[in-house]
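The values are calculated or read from the model by the stated rules, or taken from the named source; none is laboratory data. Note that the structure is a prediction, hence the values are computed from the model and not measured. Methodologically, a virtual Cβ is constructed for each residue, glycine included, from the backbone with ideal geometry; neighbour enumeration extends over all protein chains shown.
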Amino acid sequence: MKADEPAKPFAYPDAPQSDTVDVYHGVKVPDPYRPLEDPDSDVTRAWVEAENQVTGAFLGSVPQRDAIRARVTELWDYEKFGTPGKKGGRYFYAHNTGLQNQSVLYTLDRLDGEPKMLLDPNTLSADGTVALAGTVASDDGKKLAYGIAEAGSDWNVWKVRDVETGKDADDKIEWVKFSSATWTPDNSAFFYGRFPAPEPGQDLKGANYFQKVYLHRLGTPQAEDALIWEDPEHKEWEATPAVTDDGKYLVLTLHKGTDAKYRVLYRPFDRPDAKPTHLVGDFDAEYEFLDNDGPVFWFKTNKDAERGKVVAIDTRDPQPEKWVELIPEAAETLESVDVVGDRFLATYLKDAHTVVRVFDLAGEHVRDVDLPGLGTASGFGGKRKDRETFYAFTSYTTPAAIYRYDVETGESTVWRKPALKFDPSKYETVQVFYPSKDGTKIPMFITSKKGVKKDGDNPTLLYGYGGFNIPLTPGFSPSALTWLEMGGVYAVANLRGGGEYGESWHQGGTRTRKQNVFDDFIAAAEWLVAEKYTRKEKLAISGRSNGGLLVGACMTQRPDLYGACLPGVGVLDMLRFHKFTIGWAWIDDYGSSDDPEEFKALHAYSPLHNVKPGTCYPPTMVITADHDDRVVPAHSFKFAAALQAAQSCDNPVLIRIETKAGHGAGKPTTKVIEEAADQWAFLVKTLNVEARP
């Protein structure tokens, strides 16, 4: 070893390298770890195995690890229920006894009746890595279309099950991704979207373009499905089909990328040969179809209302000046609207917690739904003529309980509520507002044991996301509760780029403004230290996916500010993200290195390209999965290899690579618990936490 080379206490595996150099707008950018982009090569597989051995040895040296895993498992072991949906007089709902790898789908003939198991995905694989990706019952409640995903992949295979007999038909629909099934009014067929079959070896990394919408008739092979929509001139365009509740119209909502900016087509259902007519939108704003009253369609839109409103559009005269505003824009962000019981059930976000308001079909306010507290309510699905609906309510300290809501009387009653193995009264959540670098007020939820001492000595995990118009709202996590029991503080910052305060809040953290998101997160960390919740040595940061990018950017910009970093399944190579699977769609939020100005912004913060040799980086455990075809593992592989090569001090830089798992959806309970336990074990050791699980 040369005298000027940093000493490394860890013997990290040698990562495969190449002399690859890309040129962006005249700027040469080396990409030495390009070979790691091939997840199936012998050199990558060998590196993955060697890295997992290093990480396994480190985690295995944490004496509290087994006790932490046991406590996470114990806290995870409570009944979990999904919100019921009603079709054809039957109720459909998901249930997990506690530690089942996948939740099981049941039916009920009446709410107080005996549950009947319809579909148990745990029987589809020995290790629980086959998950349900979606379930849609036909309107008569007699058939169930369901999608399955293997090993966490975004690719789904859809099948059809007879609800009465529990037996599958021969129908098999392949190469479905980011699409559900929409039944026809006569329950004989369903619409779905699919992509072309990928080239051999490209299924987990090839770019996905040219989606098409088909109609599948039950009992026929997929090759005979009728093509309903395609646009060969616009490879990024995708369409989501919907059938109106009255069965009279097919509605196609076109989108491209991840921005909620749509173009809506429709046609009468009884004219299958008619070309769909353009009704509203040209990718300029959100137009979310809600329901219809004959030829009058109702939409949730942010057109000239950045926080959202509800309008009525007459298909016979759809000009914008003829639209009728039913529910005007409010001070809060309109998150969703359901039409149930001849009422609009409008879900709003007020400082990142849920408020639900009920309006009649003329837009007159009837009442607010009386929720159990400050938290997150979700559900409220159903048909326009239903007189009941269901919702789940959760907070940082209470697991989701399921409520039945009587739309006519406004009464909520508990349908299912899990028994707890802890005392929620010992914990509290407070919401604070802190200033970011430019003075913008940012909300943050802080959950801890009651009476936590602000002595600067509390181990603290700061979590964030900040992107794609997605809000972070209160939700229960048995994993986070384990951290709280150990004396930890759990903080969640509601950063710009998210969906907490409307479209300007979202756009304020996108493209060339993305640095605002990192500034918001760094300011949250500094605030927690200044307010003596913790100190730098006791502060960890965590995020997943776009939140993994957040952690990667903040740790490369301010390596001095954190005691540990956990970037999970992150987008970390900001110059090449759009070249893999569905990554091109994220250009809406990130911009693209193909654009000269956006390249400058991306290159300035891209975590992979801002790792500086000779820097002392905080203890870091990168987390990814070998079957992640949303954010391909190459991002994490290359970032971890670069960090290990650059590290100048004895802080560990590890990568935990899950096998037979993907981006996170459908991950079996056993793998979720193992990852959570490893995360806390890593923090217990690196933050010097005295764990008392």
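Restricting to the stretch 299-312, and then to whatever is of a type outside the set (D, E, K, R) and under 30 Å from the mean Cα position of the chain (by Cα), can you tell me which residue is nearest to PRO276 (Cα to Cα)? Full working, then the answer.
Initially, the stretch 299-312 is screened for residues of a type outside the set (D, E, K, R), giving 299, 301-302, 305, 308, 310-312.
Restricting the remaining residues to those that are under 30 Å from the mean Cα position of the chain (by Cα) gives 299, 301-302, 305, 308, 310-311.
Details: PHE299: 18, THR301: 21, ASN302: 24, ALA305: 27, GLY308: 26, VAL310: 23, VAL311: 21 Å.
This residue is PHE299.
Condition first: over 22 Å from VAL632 (Cβ atoms), in contact with a strand residue (DSSP E or B) (Cβ under 7 Å, 6 or more places away or on another chain), among the hydroxyl-bearing types (Ser, Thr, Tyr) and assigned to a loop (DSSP other than H, G, I, E, B). Can you find one or more residues in the stretch 155-177 that meet it? Scanning the stretch 155-177 turns up no residue that is over 22 Å from VAL632 (Cβ atoms), in contact with a strand residue (DSSP E or B) (Cβ under 7 Å, 6 or more places away or on another chain), among the hydroxyl-bearing types (Ser, Thr, Tyr) and assigned to a loop (DSSP other than H, G, I, E, B). Only one of LEU608, LEU528 is of a type outside the set (Ser, Thr, Tyr) and in contact with a helix residue (DSSP H, G or I) (Cβ under 7 Å, 6 or more places away or on another chain); which? Only one candidate passes the filter, namely LEU608. How many residues are farther than 16 Å from ARG263 by Cβ, touching a Ser or Thr at 6+ places or on another chain (Cβ under 9 Å) and among the hydroxyl-bearing types (Ser, Thr, Tyr) if we restrict to the stretch 189-243? Looking only at that region, the number is 1.
Given the conditions (1) over 16 Å from the mean Cα position of the chain (by Cα); (2) closer than 22 Å to ALA305 by Cα; (3) not small (Gly, Ala, Ser), which single one is not true for ASN469? Against the list (1) over 16 Å from the mean Cα position of the chain (by Cα); (2) closer than 22 Å to ALA305 by Cα; (3) not small (Gly, Ala, Ser), ASN469 comes up short only on (1).
Against the conditions (1) surrounded by 20 or more Cβ atoms within 10 Å (Cβ to Cβ); (2) at pLDDT 95 or above, where does GLU658 fall short? Just the number, please. Unmet for GLU658, out of (1) surrounded by 20 or more Cβ atoms within 10 Å (Cβ to Cβ); (2) at pLDDT 95 or above: (2).
Regarding ASP386, is this residue touching a residue at least 60 places away in the same chain (Cβ under 8 Å) and either over 28 Å from SER448 (Cβ atoms) or in a strand (DSSP E or B) (or both)?
Working: touching a residue at least 60 places away in the same chain (Cβ under 8 Å): yes; either over 28 Å from SER448 (Cβ atoms) or in a strand (DSSP E or B) (or both): yes.
For ASP386, the condition - touching a residue at least 60 places away in the same chain (Cβ under 8 Å) and either over 28 Å from SER448 (Cβ atoms) or in a strand (DSSP E or B) (or both) - is met.
Determine which member of the set ASP304, ASP314, ASP282 is over 19 Å from ASP245 (Cβ atoms) and touching a strand residue (DSSP E or B) at 6+ places or on another chain (Cβ under 8 Å). Before the answer, list the steps.
Details: ASP304 fails: touching a strand residue (DSSP E or B) at 6+ places or on another chain (Cβ under 8 Å); ASP314 fails: over 19 Å from ASP245 (Cβ atoms).
Testing whether each residue is over 19 Å from ASP245 (Cβ atoms) and touching a strand residue (DSSP E or B) at 6+ places or on another chain (Cβ under 8 Å) leaves just ASP282.
Being part of a loop (DSSP other than H, G, I, E, B) and touching a Phe, Trp or Tyr at 6+ places or on another chain (Cβ under 7 Å) is the filter here; which residues of the stretch 453-465 pass it? Result: LYS454, ASN458, GLY464. Here is the figure for the stretch 480-500: residues that are touching a Leu at 6+ places or on another chain (Cβ under 8 Å) and part of a loop (DSSP other than H, G, I, E, B) total 6.
Output yes when any residue across the stretch 529-544 is at pLDDT 95 or above and closer than 17 Å to TYR590 by Cβ, and no when none is. Yes: the stretch 529-544 contains one or more residues that are at pLDDT 95 or above and closer than 17 Å to TYR590 by Cβ. The residue that is surrounded by the fewest Cβ atoms within 10 Å (Cβ to Cβ), among those in the stretch 103-157 that are closer than 24 Å to THR624 by Cα and among the charged types (D, E, K, R), is ASP127. When residues in the stretch 367-383 are screened for being part of a strand (DSSP E or B), under 15 Å from ASP338 (Cα atoms) and not charged (D, E, K, R), 3 of them pass. Do we have any residue at all in the stretch 81-91 that's in contact with a Ser or Thr (Cβ under 7 Å, 6 or more places away or on another chain) and hydroxyl-bearing (Ser, Thr, Tyr)? Checking the stretch 81-91: at least one residue is in contact with a Ser or Thr (Cβ under 7 Å, 6 or more places away or on another chain) and hydroxyl-bearing (Ser, Thr, Tyr).
For (1) more than 28 Å from ASP186 (Cβ to Cβ); (2) in a strand (DSSP E or B); (3) over 23 Å from the mean Cα position of the chain (by Cα), each residue gets a yes or a no:
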| site | (1), (2), (3) |
| --- | --- |
| ALA274 | no, no, yes |
| ASP284 | yes, no, yes |
| PHE297 | no, yes, yes |
| GLU325 | yes, yes, yes |
| SER336 | yes, yes, no |
| TYR348 | yes, yes, no |
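Consider the stretch 26-83. How many of its residues are under 28 Å from ASN610 (Cβ atoms), charged (D, E, K, R) and not in a helix (DSSP H, G or I)? Of the residues in that region, 3 qualify. Selection of the stretch 566-618 for residues being of a type in the set (S, T, N, Q) and crowded, with 19+ Cβ neighbours inside 10 Å yields THR581, SER593, SER606. The single condition among (1) touching a Phe, Trp or Tyr at 6+ places or on another chain (Cβ under 7 Å); (2) at pLDDT below 95; (3) closer than 30 Å to THR670 by Cα that ALA207 does not satisfy is (3). Of everything listed in (1) among the β-branched types (Val, Ile, Thr); (2) outside any strand (DSSP E or B); (3) out of contact with any Asp or Glu (no Cβ under 9 Å at 6 or more places or on another chain); (4) in contact (Cβ under 8 Å) with a residue 12 or more places away in the chain, the single unmet condition for THR429 is (2).
For the stretch 313-320, check the following and say yes or no: at least one residue is part of a strand (DSSP E or B), of a type outside the set (Asp, Glu), under 25 Å from ASP406 (Cα atoms) and over 26 Å from the mean Cα position of the chain (by Cα). No; the residues of the stretch 313-320 include none that is part of a strand (DSSP E or B), of a type outside the set (Asp, Glu), under 25 Å from ASP406 (Cα atoms) and over 26 Å from the mean Cα position of the chain (by Cα). Kindly evaluate GLY498 against the criterion of being under 19 Å from the mean Cα position of the chain (by Cα) and crowded, with 20+ Cβ neighbours inside 10 Å. Considered against the rule, which asks whether it is under 19 Å from the mean Cα position of the chain (by Cα) and crowded, with 20+ Cβ neighbours inside 10 Å, GLY498 comes out as yes.
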